[in-house]
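Let me begin by presenting the structure, written as structure tokens, before commenting on it.
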């Protein structure tokens with residue numbers, strides 16, 4: 001997971017609830033790194049101090065991650081994600097980019113990596129998330145950190 005803001009942390013919780021293996025978060029801000037640990041990340045990295053691709057390979061049996069979610073929308077993070085996923089791995093963009101991003105297509109092609117964006121939804125997606133938050137079962141950390149009260153107040 002690139003980015004430990006609200007969207008990134010929500011994805012971490014969903015991954016944890018769905019039984020994902022090693023969840024790794026890369027985040028610049030120390031406070032957000034603390035939240036990432038509380039919200040279920042197994043490993044939290046600081047891109048200013050850690051070589052993200054090398055650390056991800058180390059954590060993932062020297063193969064790289066199967067999947068990377070980009071919730072940061074920053075060029076440096078995209079570069080790290082592409083180099084952190086294993087052969088035939090997937091990078092999923094869930095960020096809203098404010099600037100143009102670039103990448104070297106061969107970094108995808110030579111290792112058969114996939115890059116995809118998601119920003120659309122189908123009927124019921126929002127209700128499923130609302131139900132999960134209300135139930136407190138799958139996303140119990142959101143409830144215990146008081147975020148559901150803030151969501152309901154808005």
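Our note on the geometry: Cα centres of region 31-76 and region 100-123, 18 Å apart. FRET efficiency for the residue 59 to residue 99 pair, using the beta carbon distance and R₀ = 35 Å, is estimated at 0.75.
A helix-only calculation puts the chain at -12000 deg cm²/dmol for mean residue ellipticity at 222 nm, using -39500 (n - 2.57) for each DSSP H run of at least four residues, averaged over all residues. The protection proxy used here, the mean number of other Cβ atoms lying within 10 Å of each residue, ranks peptides 104-114, 6-16, 89-99 as follows, highest first: 6-16, 89-99, 104-114.
Taking the longest Cα principal axis of the chain as reference, the axis of helix 125-135 is set at about 60 degrees.
Principal axis analysis of the Cα atoms in region 11-78 yields extents of 29, 28, 18 Å, listed in decreasing size. Across the chain, counting alpha-carbon atoms alone, Rg and Dmax equal 15.7, 49 Å.
Please give the contour-minus-distance gain from residue 127 to residue 111: 0.36 nm per residue of separation, less the Cα-Cα distance, rounded to one decimal in nm.
Working it through step by step, the gained length comes to 2.0 nm.
Pairs of Cα atoms nearer than 8 Å and 6+ residues apart set the relative contact order; for the chain it is 18 percent. Indicate the gyration tensor shape class of region 67-107 (rounded, prolate or oblate), computed on the Cα atoms with a ≥ b ≥ c the square roots of the eigenvalues: a/c under 1.5 is rounded; otherwise a/b larger than b/c is prolate and the rest oblate. Judged from the Cα gyration tensor, region 67-107 comes out oblate (a/c at least 1.5, b/c at or above a/b).
No value in this document is a laboratory result; all are computed from the given coordinates. Source: prediction; values computed, not measured. Positions of Cβ are generated from backbone atoms using ideal geometry, with glycine treated the same way; all protein chains shown enter the neighbour counts.
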